[in-house]
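This report refers to the structure that appears directly beneath it.
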Amino acid sequence: MSSGSPPQGRGRGEGEEEGASSSRPRFGRRRTDYPSSSRPRSADAVWPEHFVESVSIRVADEAARFEGRLAAAPAVVAMFQVCSTWRAVSRSEFLWQVLCRRIWSCRRRSLPSWREEYVRLHRTAANFRAGRSAYFSLLSPPTDDLPCCRLALSDRHLAAGFLDGSVRLFNVPAGRLLATFRADPHRDRLGRFSQAISGIVLLDNRLAFASQDGDVHVAELSAPREAPRRALVGNLMVDGTMVDFTGNARWWVGLFAGAPGHSWRVWDAAMELLIFVGGGLMDSAAVVGWHMLTDIMKPVVGRARILEQGVVVGCSTSSMEVLDLDGVTGTILNQRELRHGGALVESFDAGDGRVMVVDSRGVATVKEVPALTEVSRFPTLRRSERQHGSPSLEGCMNWGYALVCISRGVHVWDAITGEYLYVFRQRIGMATAMAASDRYVVAWANDTGLHLWDFGAL
């Protein structure tokens, strides 16, 4: 019997038509009339490129969510081993561009391809996690007792603002001094420290810096020898002291203490026009704000940080406030009173949609913005250090790590999990200003000067 014949005992019924029988599948025989789309085929033929890209992005997201961002690359690389079609997707620029944005919040590349950019970001983060960096001492402390007030970092530059109103610009990672910008020394002043730098906005092509008297100056980085121009003229008697200044390419934000109900001032950075005034975050610090003009040793009373989501977060010693910048009139999205003795404001910083603040007991808390829900919490001080009264802790953070400088050095924690990682090998003394990006950490200590760590050099 041929393999195509029906088995015995499986004949047609007496009233069954030949045509109907011939159209039915016969048992014991392999069908050959399946539609072509249902036939088994190799993985190379089944999975279209855009589908594999979508799966790869989903796999990377899940790995980063549950195991951390450094787990995304190994998870995606494992997918590329399935077959030649999946391996070919590893050359997709679209895939790596999406992964740079989703995993590392990177929207601009500095290397020729997005794949190279992803590799750079992953390697830098791995170095940061393990504490591998190149160290540079950029500037010795000046002999005229001129402390640094503010630090700012970009991909190519470092800016340091000083008590006398000057801003020094360095290139990174070489650390070579490129220019020193000074505001007009002959303008009217009210208070010995009214010209002290209160904030810096550092972009690729220009630098904006503000002083405590409310003036904002702009310098073009393409013309470092030209004097900066005064873009905004402050009014101390009306606005009070500008205790902090932050921003990006779209907005400038000033935090003021001295005029109740006028804590926030927001300008359109391109037009240099005021678009919002309001908020009561600094109302309780009005008197201290005035004293900052004559006594630089007063404790820090307020800090503000702008985030990419179009919000700015402010912190005083007693509360936090989240302001929506996308609204035409400005909207207070959230307010939160701080417990446990309030905040050490000099430790306040933000990065990648989260903020960090350290309370008077030395306990650091990382919160999501704008809800201000807690992400992690960890102690920064030993018990013996907490017994010596309220400490002064300088802190900063980037996309994934929290850094706090105490007497034992610069210590690093995972900002998401709160896990303690390591301490920098270099002992710089007590920092009074710090800043961090995804690649660099910079700190100023009055006793030892300006220090830079580069985590992308190795």
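Measuring r between the beta carbons of VAL277 and ALA174 and using R0 = 45 Å, the FRET efficiency lands at 0.60. Comparing SER284, LEU450, VAL253 along the charge dipole axis of the chain, the residue lying farthest to the positive side is LEU450, per the Cβ-charge model.
Between SER84 and ALA270, residue separation times 0.36 nm minus the direct Cα-Cα distance comes to 62.1 nm.
Around GLN426, what is the net charge, scoring Lys/Arg as +1 and Asp/Glu as -1 over all other residues with Cβ under 14 Å from its Cβ? Here the charged neighbours net out to +2. With 0.36 nm allotted per residue and the present C-alpha distance subtracted, the ARG58-ARG123 stretch has 21.3 nm of extension available.
Distances between placed amide hydrogens fall under 5 Å for SER198 paired with ALA210, SER211, GLN212, all partners being 5 or more residues away or on another chain. The modelled label-to-label distance between VAL287 and LEU146, using points 7 Å beyond Cα along the C-beta direction, is 3.5 nm. Exposure proxy ranking for ASP268, ASP61, based on other Cβ atoms within 10 angstrom of each Cβ and starting from the fewest, stands as ASP268, ASP61. Seen from TYR135, the other residues with C-beta closer than 14 Å to its C-beta sum to a net charge of +3, counting Lys and Arg as +1 and Asp and Glu as -1.
When the Cα gyration tensor is reduced to axis lengths a ≥ b ≥ c, the ratio a/c is 1.5 or higher for region 43-128, and with a/b above b/c it is classed as prolate. Footprinting exposure proxy ranking of HIS50, HIS122, fewest other C-beta atoms within 10 angstrom first, gives HIS50, HIS122. Residue separation of ARG250 and ARG156 scaled by 0.36 nm, minus their Cα-Cα distance, works out to 31.9 nm of gained length.
Using R0 = 45 Å, the C-beta based FRET efficiency linking ARG102 and ARG182 works out to 0.60. Under 5 Å from the amide H of ILE406 lie the amide H atoms of HIS411, each residue being 5 or more positions distant or on a separate chain, with H modelled from the backbone and absent for Pro and chain starts. The eigenvalues of the Cα gyration tensor, multiplied by 5 and square-rooted, give the chain an equivalent ellipsoid with semi-axes of 58, 23, 23 Å from largest to smallest.
No value in this document is a laboratory result; all are computed from the given coordinates. For clarity, every value in this text was computed on a predicted model and none was experimentally measured. So basically every Cβ, Gly included, is an ideal-geometry build from the backbone, and we count neighbours across all protein chains shown.
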